[in-house]
Amino acid sequence: MIHNCRTGSYGKIIFTHSNDLLIFNEAAYPGGPFYLFSLQLSTGVKTRLAQPLVGLGGYSQLDLHPTENKLLISATDSQFLTGLYVIDIENHTFYHLFNSDGGAVWDHSGERIILLGGYPTNEIVSLDLNGGDRAVVYSNSHALFGLSRHPNGVGYLFSTGSRDRNITYYSMKTASQSTLAATSVDERLARFSYHNHSVAYISLATGREQVWLYDFNTERRTLLTKFDKQHQIVDLKWAFNGRFIFVLTHNMIFQISVDSGHIKQLKIPQTEIAGLSVKDDNTIAFSLKESDKWRVHSYDILSDKLTSEDPNWQFVSFSEVVDDIIWQDIHGEYFTGLDHTPVTSEKINAIPMVVQSRFNLQKRGSRWLWQQVKSRRYQLYQYDELKDRQKLLITSDSSDFDWHNDKLLYNSVHYVNSDIYTASPMN
């Protein structure tokens, strides 16, 4: 035995280009974040590598450069964004490459990055070290995972099969759950309507992301939109009166008529958008990124007028109930209601408000709900501020949920089978 890992740690071990040195990651406790270490076999000396501040899950994905003692690592930060970094083992330094979702490895030359891209991670793509010069190595209709270099020095190994996200309905009163939408493709971003027994969600059933409606009374599913281009949709919001559904991508917002399915792109500058919410029947709110800072904006859907709000606020999540409105200022502090009452709970102030461009923190009276990552899954917690009581409700496979009265919608991943394949770049 060369090293006894801590109980509950199940990290990865790789040899470097030195036969006397190996690299491994280890968690201090079961479900804890992974840190990276080196181990010199001749002396048994264990050294913690120079590495960025640990992300939510630590550093569980790592790949050794084909010819140099450099590690490519990925980690998820508090906003659930995945960053790619290089650790120079010999020089005890590290540096950031770029942000990207999906697993990544060095290419066989060590001069480019190979990663899983597209949606739903159905492509293997090649990028330069700045995240540019994109080239598709392989594309499939199913999601890909488990990417690695092939020992033949040319191709790449990966797994694919029937793995899709389904929508699950959960009753907080009875702690019972049932499947609302389940097909052989992804269904996600399920949202309760405010005015009736309908749910809007995104499905790939037609081969392209579209908005679908589900009726709880009839259990009927109906296609609402016919987008003619692929959009990576990150959030949906119902209008309070049920007339429209607003669709958020990373840099666009669409207004969908529930009666006709008509799609209207709102007149918003092409910049990064996050934190979409509905203010009233004629106004939506969201945040635009300007000079690397977020600022709340409002948009009048009747006049198509965009208004910049007080620069002190970077995010606001509006609600039909005034006391449940949540604000976050430029210092990261939380406030509620139209009178901006400060949130004094240290527990709540430590929770990320926005995750993957949508709101992660929600409030109903004295109760708060949010998700946090543990062991690469997402735990949904409820906290009653008056009773100072926290409760784990569910553990899911996606950083998204919706809450209406005492009902929840969230995603679960369904696995049927998987096989291992190889793909080689076209010359």
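The values are calculated or read from the model by the stated rules, or taken from the named source; none is laboratory data. Everything quoted here is computed from the prediction, not taken from an experiment. As a convention, Cβ positions derive from the backbone with ideal geometry for all residues, glycine included, and neighbour counts pool all protein chains shown.
One line per residue, one yes/no per condition, for (1) over 19 Å from residue 266 (Cβ atoms); (2) touching a helix residue (DSSP H, G or I) at 6+ places or on another chain (Cβ under 6 Å); (3) β-branched (Val, Ile, Thr):
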site	(1), (2), (3)
176	yes, no, no
197	yes, no, no
202	no, no, yes
206	yes, no, yes
210	no, no, no
223	yes, no, no
227	no, no, no
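Cβ-Cβ distance below 9 Å, separation of 6 or more or different chains: which pairs start in region 393-405 with a residue that is at positive phi and end on one that is in a loop (DSSP other than H, G, I, E, B)?
So the pair list comes out as 405/172.
Looking only at region 134-155, filter to residues that are among the hydrophobic types (A, V, I, L, M, F, W, C) and assigned to a loop (DSSP other than H, G, I, E, B); which one of those is surrounded by the most Cβ atoms within 10 Å (Cβ to Cβ)?
Restricting attention to region 134-155, the residues satisfying the condition of being among the hydrophobic types (A, V, I, L, M, F, W, C) are 135-137, 143-145, 147, 154.
Imposing the further condition that a residue be assigned to a loop (DSSP other than H, G, I, E, B) reduces the set to 143, 154.
Working: 143: 23, 154: 13.
Among those that are among the hydrophobic types (A, V, I, L, M, F, W, C) and assigned to a loop (DSSP other than H, G, I, E, B), it is 143.
Scanning for something at pLDDT 85 or above, buried (at least 19 other Cβ atoms within 10 Å of the Cβ) and in contact with a Ser or Thr (Cβ under 6 Å, 6 or more places away or on another chain), does region 409-416 turn up at least one residue? Before the answer, list the steps.
Our first condition is that a residue be at pLDDT 85 or above; within region 409-416, this holds for 409-410.
Going one step further and asking which of them are buried (at least 19 other Cβ atoms within 10 Å of the Cβ), we end up with 409-410.
With the extra rule that they be in contact with a Ser or Thr (Cβ under 6 Å, 6 or more places away or on another chain), the set shrinks to 410.
Yes - at least one qualifying residue is present in region 409-416.
Condition (residue is surrounded by 13 or more Cβ atoms within 10 Å (Cβ to Cβ), closer than 25 Å to residue 267 by Cα and touching an Asp or Glu at 6+ places or on another chain (Cβ under 9 Å)) applied to region 339-356: is it met by at least one residue?
yes
Which one is farthest from residue 190 (Cα to Cα) among residues in region 215-263 that are outside any loop (DSSP other than H, G, I, E, B) and among the acidic types (Asp, Glu)?
Per the stated criteria, the residue is 215.
Please find, among 84, 39, the residue that is modelled with pLDDT of 90 or more and either among the acidic types (Asp, Glu) or not in a loop (DSSP other than H, G, I, E, B) (or both).
On the way: 84 fails: modelled with pLDDT of 90 or more.
Result: 39 is the single residue among 84, 39 that is modelled with pLDDT of 90 or more and either among the acidic types (Asp, Glu) or not in a loop (DSSP other than H, G, I, E, B) (or both).
Search region 288-324 for residues being closer than 15 Å to residue 335 by Cβ and touching a Gly at 6+ places or on another chain (Cβ under 9 Å), and hand back the single one that is surrounded by the fewest Cβ atoms within 10 Å (Cβ to Cβ).
The selected residue is 322.
Here are 347, 363, 387: which of them is out of contact with any Phe, Trp or Tyr (no Cβ under 9 Å at 6 or more places or on another chain) and touching a residue at least 24 places away in the same chain (Cβ under 8 Å)?
363
In the list 161, 132, which residue meets the criterion of being over 30 Å from residue 407 (Cβ atoms), modelled with pLDDT under 80 and of a type outside the set (A, V, I, L, M)?
161 is the lone residue from the list that is over 30 Å from residue 407 (Cβ atoms), modelled with pLDDT under 80 and of a type outside the set (A, V, I, L, M).
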